[in-house]
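> Got a structure here, written out as structure tokens. Questions coming.
The values are calculated or read from the model by the stated rules, or taken from the named source; none is laboratory data. Keep in mind the model is a prediction, meaning the values are calculated, not measured. Methodologically, a virtual Cβ is constructed for each residue, glycine included, from the backbone with ideal geometry; neighbour enumeration extends over all protein chains shown.
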Ligand SMILES: C[S@@+](CC[C@H](N)C(=O)[O-])C[C@H]1O[C@@H](n2cnc3c(N)ncnc32)[C@H](O)[C@@H]1O
């Protein structure tokens, strides 16, 4: 790589960090180059230097979205981190049971597996009446994963941890190794593109529960703190934040009160 390309690579790395909170440390430099080369091929761009200039021009939204998508890691699957889901079922759901409306946000939802898992857990615990009162919003920075979430079609790998009786109840086979989540669950979930770094978040109604799992560790500490504070502002008093057990909310000094690993609460309840 020549000097001009090195400079543009650094610019893209900086842009990803400032604009999206996505960090590529030196040890992941080759991975970033590989991911950017996919965008170059898709848009017929000869070099990283040209790609960097297109981003810097600030007028090429399609390229910006493609770079954000290529740079993000979208790995996800149904029924991820069962201990956390058990806490949702046993501690959070009882507090939602009597609410006329249940509003949940899956922030950084990738292909929607988490949002649909939550809807299935609600259907199982609170029945069709509880499900009908539920709205789940899934958001992600990457437009292609948001579109896949909307379609609600999943391959064998993504649903391999789904218990058999849940599979039979909530998934319809629609092709070889392809399954679509049933309409009554799809109808309760909406998906939008949203960059967690752009704050405050644009919601009229507050959520009772926000899932923000397996994304904070891509952000540096000030971005993690700012994100958790912005989520706090769009959560009801007494509402819940669910993170991955490996993401340590307690150490960040935010207004969230840690209940257990992976689980925090707003207010003095
Ligand atoms: C590893 S997936 C986690 C999916 C799901 N929450 C889970 O735990 O299975 C991380 C997701 O975060 C998204 N992401 C990364 N940076 C983001 C940002 N600044 N705003 C919103 N989403 C972001 C990525 O596009 C990716 O889909």
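> Quick one: which residue in 167, 148 is modelled with pLDDT of 95 or more and in contact with a helix residue (DSSP H, G or I) (Cβ under 7 Å, 6 or more places away or on another chain)?
Unique residue meeting the criteria: 167.
> Looking only at region 204-228, which residues are surrounded by fewer than 20 Cβ atoms within 10 Å (Cβ to Cβ) and under 10 Å from residue 108 (Cβ atoms)?
Answer for region 204-228, where residues must be surrounded by fewer than 20 Cβ atoms within 10 Å (Cβ to Cβ) and under 10 Å from residue 108 (Cβ atoms): just 214.
> Can I ask one more? Any idea which residue in region 1-13 is modelled with the lowest pLDDT, counting only those that are out of contact with any helix residue (DSSP H, G or I) (no Cβ under 6 Å at 6 or more places or on another chain) and outside any loop (DSSP other than H, G, I, E, B)?
Per the criteria, the residue is 3.
> Just to be sure, is residue 16 assigned to a helix (DSSP H, G or I), within 19 Å of residue 215 (Cα to Cα) and touching a residue at least 40 places away in the same chain (Cβ under 8 Å)?
For residue 16, the condition - assigned to a helix (DSSP H, G or I), within 19 Å of residue 215 (Cα to Cα) and touching a residue at least 40 places away in the same chain (Cβ under 8 Å) - is met.
> Please specify each residue of region 164-191 satisfying the condition of being within 16 Å of the chain's Cα centre (by Cα) and surrounded by fewer than 14 Cβ atoms within 10 Å (Cβ to Cβ).
Result: no residue meets the conditions.
> I'm told residue 159 meets every condition in (1) closer than 30 Å to residue 255 by Cβ; (2) touching a helix residue (DSSP H, G or I) at 6+ places or on another chain (Cβ under 7 Å); (3) away from the ligand (no atom under 12 Å from the Cβ) except one. Can you identify the failing condition by its number?
Going through (1) closer than 30 Å to residue 255 by Cβ; (2) touching a helix residue (DSSP H, G or I) at 6+ places or on another chain (Cβ under 7 Å); (3) away from the ligand (no atom under 12 Å from the Cβ) one by one, residue 159 breaks only (1).
> Is it the case, given these coordinates, that residue 54 is without any contact (Cβ under 8 Å) to a residue 60 or more places away in the chain and either more than 14 Å from the ligand (Cβ to nearest atom) or farther than 29 Å from residue 258 by Cβ (or both)?
Yes: the conditions hold for residue 54.
> Do you know which residues across region 90-126 are in a helix (DSSP H, G or I), away from the ligand (no atom under 16 Å from the Cβ) and in contact (Cβ under 8 Å) with a residue 12 or more places away in the chain?
Going through region 90-126, the residues in a helix (DSSP H, G or I) turn out to be 90-96, 113-126.
From the residues that got through so far, the ones that are away from the ligand (no atom under 16 Å from the Cβ) too are 90-96, 122-126.
Once the filter is applied, which keeps residues that are in a helix (DSSP H, G or I), away from the ligand (no atom under 16 Å from the Cβ) and in contact (Cβ under 8 Å) with a residue 12 or more places away in the chain, region 90-126 yields 91, 92, 93, 95, 96, 122, 123, 124, 125, 126.
> A follow-up question, please. Could you please let me know if residue 251 is assigned to a helix (DSSP H, G or I) and in contact (Cβ under 8 Å) with a residue 12 or more places away in the chain?
no
> Moving on. Tell me, yes or no, whether region 67-89 has at least one residue that is away from the ligand (no atom under 16 Å from the Cβ) and surrounded by fewer than 20 Cβ atoms within 10 Å (Cβ to Cβ). First the steps, then the outcome.
Filtering region 67-89 down to residues away from the ligand (no atom under 16 Å from the Cβ) leaves 89.
Checking the rest, the ones that are also surrounded by fewer than 20 Cβ atoms within 10 Å (Cβ to Cβ) come to 89.
Scanning region 67-89 turns up at least one residue that is away from the ligand (no atom under 16 Å from the Cβ) and surrounded by fewer than 20 Cβ atoms within 10 Å (Cβ to Cβ).
Conditions tested, residue by residue: (1) in contact with a strand residue (DSSP E or B) (Cβ under 7 Å, 6 or more places away or on another chain); (2) part of a helix (DSSP H, G or I).
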{"residue": "24", "(1), (2)": "no, no"}
{"residue": "42", "(1), (2)": "no, yes"}
{"residue": "51", "(1), (2)": "no, yes"}
{"residue": "84", "(1), (2)": "yes, yes"}
